[in-house]
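Below is one structure, written out as structure tokens; comments come after it.
The values are calculated or read from the model by the stated rules, or taken from the named source; none is laboratory data. What you are looking at is a predicted structure, and each value in this text was computed from that prediction instead of being measured. Because the Cβ atoms are built from the backbone with ideal geometry, glycine has one as well, and the counts that use them run over all protein chains shown.
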Amino acid sequence: MSERTYVIDQMISAKSIAARVEALAAEITRAFKGTEKLVVVGLLRGSFVFIADLVRELDLPVEVDFLEASSYGDAMHSSREVRILKDLRSEIAGRDVLLVEDIVDTGFTLHHVKNLLQSREPRRLEVCALLDKPSRREVEIKATWTGFEIPDEFVVGYGIDFAQRDRNLPYIGKVRFV
């Protein structure tokens, strides 16, 4: 990939993210009250910061596992071909599962992964996404809980990358090429 020069304009502050994560965790805790153990499945790699903050706020017994799927590679646009790069280590049949996604864009990845997990017969499967871009949706899918709805902008930060860069930003920023 050739180097492209870009700047990042802050879109959602670290403080706003923290407040929303706390609120999401409260809603999820209420929804799964009484669960024996909630299996929180992070969709790698973009969700790792979000999942770490979210599980620390959940007032539930949790188990964390990860699944890695790719439809972007180093590109800015989805290839619409979803590949599973890392599968779960845990069995989820008969268990309560929360799938955590960084961003719902076209919906291809989330649709594919949700169907894959549903085929493993969890007792309950819900989805929490940090960001949602409904204007880009090509597949009918919606997260149970969403942190922020955003316009059709390419974003980075808080675990989300551009060609493996800028995941470490504490906020969500819009990428602007110069």
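What do you reckon, is PRO134 within 15 Å of the chain's Cα centre (by Cα), surrounded by fewer than 19 Cβ atoms within 10 Å (Cβ to Cβ) and modelled with pLDDT of 95 or more? Yes, satisfied.
Among the residues of the range 137-165 satisfying the criterion of being touching a residue at least 60 places away in the same chain (Cβ under 8 Å) and assigned to a strand (DSSP E or B), which is surrounded by the most Cβ atoms within 10 Å (Cβ to Cβ)? By that ranking, first place goes to VAL155. Can ASP102 be described as part of a loop (DSSP other than H, G, I, E, B) and within 25 Å of VAL21 (Cβ to Cβ)? No, not satisfied. When the residues of the range 15-29 are filtered to those that are in contact with a Phe, Trp or Tyr (Cβ under 9 Å, 6 or more places away or on another chain) and surrounded by fewer than 14 Cβ atoms within 10 Å (Cβ to Cβ), the one that is nearest to ARG176 (Cα to Cα) is LYS15. Quick one: would you say ALA19 is over 13 Å from the mean Cα position of the chain (by Cα) and either aliphatic (A, V, I, L, M) or assigned to a strand (DSSP E or B) (or both)? Here the answer is yes, as ALA19 does meet what is asked. Contact annotation: residue pairs with Cβ atoms under 7 Å, 6 or more positions apart or on different chains, pairing a residue in the range 22-33 that is farther than 15 Å from VAL97 by Cα with a partner that is assigned to a helix (DSSP H, G or I), are GLU22/GLU57; LEU24/LEU54.
Name the single residue, out of those in the range 44-91 being out of contact with any Leu (no Cβ under 8 Å at 6 or more places or on another chain) and among the hydroxyl-bearing types (Ser, Thr, Tyr), that is modelled with the highest pLDDT. The extreme case among them is SER90.
In the range 40-53, the residues that are under 9 Å from GLY159 (Cβ atoms) form no Cβ pair under 6 Å with any partner that is part of a strand (DSSP E or B) and modelled with pLDDT under 95, whether six or more places apart or across chains.
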